Amino acid sequence: MTETTEQAAALSITSLSVSFATDAGAVDAVRDVSYEVFPGEVLAIVGESGSGKSVSSRTAIGLLPHTAHVRGMVTVGAHTITAMSDKQLTAIRGGEISMVFQEPGAALDPLFTVGFQIAEALRAHTNTSRRAAKARAIELLRTVGLPDPEHRVDFYPHQLSGGQKQRVMIAIAIACEPKVIIADEPTTALDVTVQAEILELLRDLRDRIGSAIVLITHNMGVVADLADRVVVMRSGRVVETAPVEQLFAAPKEQYTRDLLAAVPHLGAGLEPTTEPVSPIAPQVDSVTLAPEPGESSAGAAAAQTVLEVRDLVVEFPGALGRNAFRAVDSVSFSIARGETLGLVGESGSGKTTIGRCVAALQRPSAGVIRVRGQELTGLSERRLRPVRRRLGFVFQDPATSLNPRLTVGQCVAEPLVVHRAAKGAQAQARVRRILDAVQLPEGTESRYPHELSGGQRQRASLARALVLNPDLLVADEPTSALDVSVQARVLELFAELQREFGWACLFVSHDLAVVDQLAARIMVLRNGSVVEQGTRDEILRHPSQEYTQRLVAAVPVPDPVEQRRRRAASAALFAADGAG
């Protein structure tokens, strides 16, 4: 970044306060916030959900609803945003200031090609012809690293992957080379390798066109990798502002220290415990299932094996005469009681498909799946029903997996009702015990899911998965959408409950730092096949396969100095691979 002392700020926010009119009265979202960002600088704004980081930045581009009441001043170059009409704001959006939205799938229009949408941004601010605008769109797609831009310029959004759609959003944002780019969670839910590519792209754009970038994120590894300065927000106020290295090395405020302490750090995972698994707590032992017939005759080692998967194959039929697509190809593994196996890989690697097969939510094409010796493959729905009592599933998004028409208590009790394990007062007592176990306060059972925070909803989802005291829990990206502090509490609770109840766990995630914290063993997938599997130390500290090495190298760590070293080492690794 160039020196900022003699430069005018590209974006200046002074004494900004924003409130929203609601039926219950005014709600203050931002309170007396001030900060500046200079040309060629990346300013990261971090904080938990509800801290006001997105509201303050959206004020700068005039994207607040009409219920918002704004006080204070926001300037972009010579423009005073807070004094401009909607028509005037439309004239500078995309030209002077632009935005990269968190969810490109929702921001891009599904009815138009990506080339048309990039050209539309150009033609709104210049006198470019249609032909010249399309040529410029191809050039921009090449700039953001989209493969085969001459062909893909005519693609519709649904024909692109998540990372490719995010590249299109960045192409739209930089089409007119704006002075300020606001990037709102630009890497959320992206694979670590795609995330690394997007961060390198933003870094290159900062250096090449000199734009000021406002980076809104809760990923402190991304902050350490990209930011020059950091603004920490809490409850609508600025808590602390500092250069990135100073903030990570010596944060002044306790809230900042707590926020950094909650961030999972790749390489900081605890060693697997050698202690025996604690016996299942007596208060929920009444829902423990009896062993299957013949199970007691197995050896002690076999009795400890909860899940066994052998040569699993999943194929999906091709459309319009095309060949079948093999999503999972001859995958084998096992999980013991009290053990967590981390299943990692990029999008499309087959990890979620494997999880759904293990939870009997999808039938495999071939292979064997056994839970406590009971084979699942080939069973009818009627015979699967009692086996499903042994299985729990924690979905990625609790907001969509919990029935909004039922109270939290009814959602948690649903497995008890479906499997006729308890009813009436007995079911209510079990629900209260499991809600206590996941540390949800008394009275939560009478509330509805939308009345809970994201972390509370995920705890309720975990309670529902555990209410039958399963032998096996499948967790599919259960913390990906949570703030770092909430994520830390959920992960601590997860590990504590596993020690208490002893279930085996298949933990599906693309966040290697989270897997490092929870899993004793890790299996790496690519294109439906196992690349390698082994202990946490073998996979994350000493990976033998090039693909795993790339995954580990792409993970940003919450330490600017270490991350700079990792980025240089990663670049050298990729350069060596390219030369070979």
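The values are calculated or read from the model by the stated rules, or taken from the named source; none is laboratory data. From a predicted model like this one, the values you see are computed outputs, not experimental measurements. All Cβ positions, even for glycine, are placed from backbone atoms using ideal geometry, and neighbour counts span all protein chains on display. All accessible areas refer to the heavy atoms of the entire protein, side chains included, with ligands and DNA or RNA removed. Shrake-Rupley method; radii C 1.70, N 1.55, O 1.52, S 1.80 Å.
Take the residues in segment 341-367 that are among the β-branched types (Val, Ile, Thr) and in a helix (DSSP H, G or I), then tell me which one is surrounded by the most Cβ atoms within 10 Å (Cβ to Cβ). Step through it out loud before you land on a result.
To start, the set of residues in segment 341-367 that are among the β-branched types (Val, Ile, Thr) comprises 344, 352-354, 358.
Then keep just the ones that are in a helix (DSSP H, G or I); that gives 352-354, 358.
Values: THR352: 19, THR353: 22, ILE354: 28, VAL358: 25.
Going through the qualifying residues, I end up with ILE354.
Would it be correct to say that LEU201 is at pLDDT below 95 and either hydrophobic (A, V, I, L, M, F, W, C) or under 26 Å from GLY348 (Cβ atoms) (or both)? Quick ask: steps written out before the conclusion?
Values: at pLDDT below 95: yes; either hydrophobic (A, V, I, L, M, F, W, C) or under 26 Å from GLY348 (Cβ atoms) (or both): yes.
For LEU201, the condition - at pLDDT below 95 and either hydrophobic (A, V, I, L, M, F, W, C) or under 26 Å from GLY348 (Cβ atoms) (or both) - is met.
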Tally, over segment 495-512, of residues that are open to solvent by 10 Å² or more (accessible area, probe 1.4 Å) and within 23 Å of the chain's Cα centre (by Cα): 5
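Name the residues in segment 50-72 that are of a type in the set (Ser, Thr, Tyr) and either in a helix (DSSP H, G or I) or on the phi > 0 side of the Ramachandran plot (or both), would you?
At the first step, the residues of segment 50-72 found to be of a type in the set (Ser, Thr, Tyr) are 51, 54, 56-57, 59, 67.
Once the filter is applied, which keeps residues that are of a type in the set (Ser, Thr, Tyr) and either in a helix (DSSP H, G or I) or on the phi > 0 side of the Ramachandran plot (or both), segment 50-72 yields SER54, SER56, SER57, THR59.
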Members of segment 35-49 found to be closer than 14 Å to ASP228 by Cβ and in a loop (DSSP other than H, G, I, E, B), listed by number: PHE38, PRO39, GLY40, GLU41
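Of all residues in segment 155-171 being part of a loop (DSSP other than H, G, I, E, B) and modelled with pLDDT of 90 or more, which is least open to solvent (accessible area, probe 1.4 Å)? If you could, list the steps in order and put the result at the bottom.
First, the residues of segment 155-171 that are part of a loop (DSSP other than H, G, I, E, B): 155-156, 160-161.
When the remaining residues are screened for being modelled with pLDDT of 90 or more, the result is 155-156.
Values: PHE155: 38, TYR156: 87 Å².
Restricting to residues being part of a loop (DSSP other than H, G, I, E, B) and modelled with pLDDT of 90 or more, the top hit is PHE155.
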Positions within segment 73-87 being open to solvent by 50 Å² or more (accessible area, probe 1.4 Å), under 21 Å from ASP32 (Cα atoms) and part of a helix (DSSP H, G or I), in sequence order: THR82, ALA83
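Can you tell me which residue is nearest to VAL484 (Cα to Cα) among those in segment 221-259 that are polar (S, T, N, Q) and touching a helix residue (DSSP H, G or I) at 6+ places or on another chain (Cβ under 9 Å)? Walk me through how you get there before you give the answer.
From segment 221-259, those polar (S, T, N, Q) are 235, 241, 246, 254, 256; that's our starting set.
Next, only the ones that are touching a helix residue (DSSP H, G or I) at 6+ places or on another chain (Cβ under 9 Å) stay: 241, 256.
Working: THR241: 19, THR256: 12 Å.
Among those that are polar (S, T, N, Q) and touching a helix residue (DSSP H, G or I) at 6+ places or on another chain (Cβ under 9 Å), it is THR256.
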ALA422, sole failed condition from (1) within 16 Å of the chain's Cα centre (by Cα); (2) buried (at least 19 other Cβ atoms within 10 Å of the Cβ); (3) among the small types (Gly, Ala, Ser); (4) in a loop (DSSP other than H, G, I, E, B): (1)
Scan of segment 13-34 for residues that are within 21 Å of ALA227 (Cβ to Cβ) and either free of Cβ contacts under 8 Å to residues at least 60 places away in the same chain or surrounded by 20 or more Cβ atoms within 10 Å (Cβ to Cβ) (or both), ordered by number: ILE13, LEU16, VAL30, VAL33
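For GLY338, indicate whether it is in contact (Cβ under 8 Å) with a residue 24 or more places away in the chain, of a type outside the set (Phe, Trp, Tyr) and surrounded by 22 or more Cβ atoms within 10 Å (Cβ to Cβ). Talk me through it step by step, then tell me what you get.
Details: in contact (Cβ under 8 Å) with a residue 24 or more places away in the chain: yes; of a type outside the set (Phe, Trp, Tyr): yes; surrounded by 22 or more Cβ atoms within 10 Å (Cβ to Cβ): no.
For GLY338, the condition - in contact (Cβ under 8 Å) with a residue 24 or more places away in the chain, of a type outside the set (Phe, Trp, Tyr) and surrounded by 22 or more Cβ atoms within 10 Å (Cβ to Cβ) - is not met.
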Residue, nearest to VAL46 (Cα to Cα), within segment 438-490, restricted to residues that are acidic (Asp, Glu) and touching a helix residue (DSSP H, G or I) at 6+ places or on another chain (Cβ under 9 Å): ASP483
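To keep it simple, each residue is scored yes or no on (1) within 30 Å of the chain's Cα centre (by Cα); (2) farther than 17 Å from ALA463 by Cβ; (3) part of a loop (DSSP other than H, G, I, E, B); (4) of a type in the set (A, V, I, L, M).
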| residue | (1), (2), (3), (4) |
| --- | --- |
| ILE369 | yes, yes, no, yes |
| LEU379 | no, yes, yes, yes |
| GLY409 | yes, no, no, no |
| PRO415 | yes, no, no, no |
| GLN426 | no, no, no, no |
| ARG430 | no, no, no, no |
Residue check, THR188 under 26 Å from the mean Cα position of the chain (by Cα) and either buried (at least 18 other Cβ atoms within 10 Å of the Cβ) or in a loop (DSSP other than H, G, I, E, B) (or both): yes
Every pair of residues 6+ apart whose Cβ atoms lie under 8 Å, when the first sits in segment 355-383 and is farther than 15 Å from ALA504 by Cβ while the second is open to solvent by 40 Å² or more (accessible area, probe 1.4 Å) and among the aromatic types (Phe, Trp, Tyr): none
Selected residue [of a type in the set (Ser, Thr, Tyr) and either at positive phi or open to solvent by less than 20 Å² (accessible area, probe 1.4 Å) (or both)] from THR444, THR377: THR444
Among (1) closer than 27 Å to PHE112 by Cα; (2) open to solvent by 10 Å² or more (accessible area, probe 1.4 Å) - the single one ILE182 does not satisfy: (2)
Qualifying helices (runs of 4 or more DSSP H) (wholly inside segment 112-154; at least 1 residues being among the small types (Gly, Ala, Ser) and farther than 22 Å from ASP204 by Cβ): 114-125, 130-143
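Restricting to segment 454-479, name every residue that is part of a helix (DSSP H, G or I) and open to solvent by less than 20 Å² (accessible area, probe 1.4 Å).
Taking segment 454-479 as the starting set, the residues that turn out to be part of a helix (DSSP H, G or I) are 454-466.
Hits for segment 454-479 are GLY455, GLN458, ALA460, SER461, LEU462, ALA463, ALA465, LEU466.
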Subset of segment 206-241 (residues that are in a loop (DSSP other than H, G, I, E, B), at pLDDT below 90 and open to solvent by 40 Å² or more (accessible area, probe 1.4 Å)): ASN219
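So which of THR340, THR352 is on the phi < 0 side of the Ramachandran plot, polar (S, T, N, Q) and modelled with pLDDT under 90? Let's see the steps before the verdict.
Working: THR340 fails: modelled with pLDDT under 90.
Sole residue among the options that is on the phi < 0 side of the Ramachandran plot, polar (S, T, N, Q) and modelled with pLDDT under 90: THR352.
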